[in-house]
1. Output the qualifying pairs, or none if there are none: Cβ atoms under 6 angstrom, residues six or more apart or on different chains, first residue in the range B:124-137 and assigned by TED's automatic domain parsing to the domain that holds B:Leu111, second residue surrounded by fewer than 20 Cβ atoms within 10 Å (Cβ to Cβ) and of a type in the set (Val, Ile, Thr).
2. With (1) assigned to a helix (DSSP H, G or I); (2) out of contact with any strand residue (DSSP E or B) (no Cβ under 9 Å at 6 or more places or on another chain); (3) under 12 Å from B:Leu185 (Cβ atoms) as the list, and B:Leu246 as the residue in question, which single condition is left unmet?
3. Does A:Leu271 fit the bill of being within 30 Å of A:Arg28 (Cα to Cα), under 19 Å from the mean Cα position of the chain (by Cα) and not aromatic (Phe, Trp, Tyr)?
4. Inspect all residues belonging to the range B:208-221 and state whether any of them is over 30 Å from B:Gly142 (Cβ atoms), charged (D, E, K, R) and modelled with pLDDT under 95.
5. I need the full set of residues from the range B:18-41 which are within 19 Å of B:Asp342 (Cβ to Cβ) and hydrophobic (A, V, I, L, M, F, W, C), in order please.
6. Looking at the structure I just gave you, is A:Lys211 out of contact with any helix residue (DSSP H, G or I) (no Cβ under 9 Å at 6 or more places or on another chain) and not assigned by TED's automatic domain parsing to the domain that holds A:Ile283?
7. Residues A:Tyr30, A:Tyr44: which one is more than 11 Å from every other protein chain (Cβ to nearest Cβ) and surrounded by 15 or more Cβ atoms within 10 Å (Cβ to Cβ)?
8. Is one or more of the residues making up the range B:283-294 more than 16 Å from the chain's Cα centre (by Cα), crowded, with 20+ Cβ neighbours inside 10 Å and at pLDDT 95 or above?
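The values are calculated or read from the model by the stated rules, or taken from the named source; none is laboratory data. Note that this is a predicted model, so its numbers are computed, not measured. Reconstructed Cβ throughout: ideal geometry from the backbone, glycine too, with neighbour counts over all protein chains shown.
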Amino acid sequence: MKYVDEFRDPELITKAAEEIRRLADPNRHYRLMEVCGGHTHAIYRFGLKDVLPPNIELIHGPGCPVCVLPMGRIDDALSVAADPDVIFAAFGDMMRVPGTHGSPLEHKARGMDVRIVYSPTDAIKLAKLNAQKHVMFFAIGFETTAPSTALTLQRAKAEGIHNFSVFCNHVTIIPAIRAILDSPDMRLDGFIGPGHVSTVIGCRPYEWIAKNERKPIVVCGFEPLDLLQSIVMLLAQLQKGEAKVENQYKRVVPWEGNRAALKAMAEIFQLRPYFEWRGLGFISQSALRIREEYAEWDAEQRFHVPGIRVTDPKAAQCGEVLKGVLKPAQCKLFGRECTPENPVGALMVSSEGSCAAYYNYEHRKANLLTSISASA
Amino acid sequence: MSSGAKLGHIVPPKIRFREPQIEMAHGAGGKASRRLVEGLFAPFFFGEFPGPLGDAAQLKINGARMAVTTDSFVVKPLVFPGGSIGELAVNGTVNDLAVSGAKPEALVITLILEAGLRTDVLQAEIQAIADSAQRAGVRIAGGDTKVVEHGKADSMYITTTGLGAPIPGIEIDPRSVRPGDKVLLSGPIGDHGITILLARGELDMEGDLRSDTRSVFPLVGALAQAAGPGVRWMRDPTRGGVATSLNELARDCGLGVILFEDSIPVHDAVRGACELLGLEPLHIANEGQFLSVLAPELADAALKALQEAPGGDEARIIGEMREQPAGSVLVTTLYGGSRIVDMLVGDPLPRIC
């Protein structure tokens, strides 16, 4: 399969791993944060920790949109959808995320009209097919998915579709990275930069990380070779004492980003003064809301939204895990009260959440690897 | 689609069913399904310590041994590239018998029809049932029909119950599996599940794919002839996919399953769809493949026999049994990476980005 197989070539991967071992100073411990949940997933899925030397520690960042969403937002949206005339539409990975009284999927089993869509335009189709009902699309994601929500809203307005609205939870990546860097318990050597987000925003918005914070950042693809190559690039910078923004994912990410997408976003959205992130608390100017001109399609303006705030269960340490302070298995609930089947926090639900990735691919493996390689 | 675990006999660790209501996941063939069957059904039917749950029950009646299994089919759409619900209903039950080491002999068919179902649609499925039964060499011995109000069922549901005669010299038991045994797969995985996903038309995607629905009995027969008692375990990886079947095996035999990722046959269209949707091919349903665990000394001969049988050319040895990781399935790559692959949790849901 083109664009996949060449980035999973065992020979090239082995070579990149050797290069990493050559560049890494054995007397130094490297803490590199992969910002994006897609990277976290890939790291576990491809077993990349097995090929990295032990002094390279990968810290999972906050770039999983489902995971950083506070439970109150789900409760708010579900309370709107409790009206039998409302259809709740969302992406598949929202379906199992717990609200206070259960996930959208559980609400569906109890009779709520909940539909999985694969793109926001599918939600518009749904609205056309169900003219007597109102379709509310639960929009989620970083700059990766925000443009498609923007285009959908433009279409809804242009085509005069009035039984459709968006419950907007779009967030932006840069303030989250800033919050991580401002956190006193975080010591990081560099960043594996988000790939999909950068297809939209480009590489320029990361320049302050290199200039002001003196941390190297490499925008990275999602195949095993992409990740290893980005680590090579980070180590090379660290070895030379440099801090630059580099683009490993050139085959997809233009340095300047996608102007058309940015333009659509600017037309539809404006920054919220502040927004609550699970684990990171309120971050100013970190999320998008729908502009006044599109108020008719904004579920938060159109419906009464209670504005529920829910504190996470005390024992759950989602915040620490999201910030990279704790590893998933160090949370008190991990693998016991909190599993992919009965998740307490969203990190255990989304395939991009570090807890789910760790549970699915790594958990149980840790103690066994020695015996396996011994018998291989 | 056909069901995974069925009521038969074993299962050591006790599972309790605590969920307050039935969710879709309880029917998806993964962890939740297993909890329902072992935690709620088995204690009532088999007492506190039932045996392993195989694909078919082995009965002895008046000295004669026979295998019995039953399966319900609720697939949507009714007709899809490569097959239809009628064909699935025959092959699914035939395959459950085959992988239990039995030659499928007869089927009993139950139809639940929604009022308003068009006769030509029904007739086409009855034709499909008759044709597939003939191809699979099983008799239709009888059946029953119920009609429910319009809106109380989705077009039609089919339940097939199958009777089979045990193949002499074959004993399928997960407890007979030993470290060093080889894991064999009859052909490429994921075709059925991805075909259905695409046929539902909810995704703006098309692929050149067909369901793999077929009777695997001829292949099982070839394997039995080549390896005889060296065939220790078989299973058709339907809902929940290869990963779920092998996790059940790992749990039932207390050993670890090591899979070599590069040896697992997957068509490019399936791989592509899985990459795009964030799905794991090992979790995708199949309707015409089976897994087998073989004694190592007979594995090569068995593989050769299978590859020479019609429809078995893409069979591969995809892994082996080890002491560790006990009770789990570990997928390894050529470059030395590895990951645990668990049973399917819930329905496979595509991820967004």
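1. Sorted first by the residue in the range B:124-137, then by its partner, the pairs are B:Ala133/B:Ile140.
2. Exception for B:Leu246: condition (2).
3. Values: within 30 Å of A:Arg28 (Cα to Cα): no; under 19 Å from the mean Cα position of the chain (by Cα): yes; not aromatic (Phe, Trp, Tyr): yes.
So A:Leu271 does not fit the description; no.
4. Of the range B:208-221, the ones over 30 Å from B:Gly142 (Cβ atoms) are B:208-210.
Those left that are additionally charged (D, E, K, R): B:208, B:210.
Filter once more, keeping what is modelled with pLDDT under 95: B:208, B:210.
Yes, the range B:208-221 contains a residue that is over 30 Å from B:Gly142 (Cβ atoms), charged (D, E, K, R) and modelled with pLDDT under 95.
5. B:Met24, B:Ala25, B:Ala28, B:Ala32, B:Leu36, B:Val37
6. Details: out of contact with any helix residue (DSSP H, G or I) (no Cβ under 9 Å at 6 or more places or on another chain): yes; not assigned by TED's automatic domain parsing to the domain that holds A:Ile283: yes.
So A:Lys211 passes the test.
7. Details: A:Tyr44 fails: more than 11 Å from every other protein chain (Cβ to nearest Cβ).
Testing whether each residue is more than 11 Å from every other protein chain (Cβ to nearest Cβ) and surrounded by 15 or more Cβ atoms within 10 Å (Cβ to Cβ) leaves just A:Tyr30.
8. Taking the range B:283-294 as the starting set, the residues that turn out to be more than 16 Å from the chain's Cα centre (by Cα) are B:294.
Filter again for crowded, with 20+ Cβ neighbours inside 10 Å, leaving B:294.
Next, only the ones that are at pLDDT 95 or above stay: B:294.
Looking for residues that are more than 16 Å from the chain's Cα centre (by Cα), crowded, with 20+ Cβ neighbours inside 10 Å and at pLDDT 95 or above, one finds at least one in the range B:283-294, hence yes.
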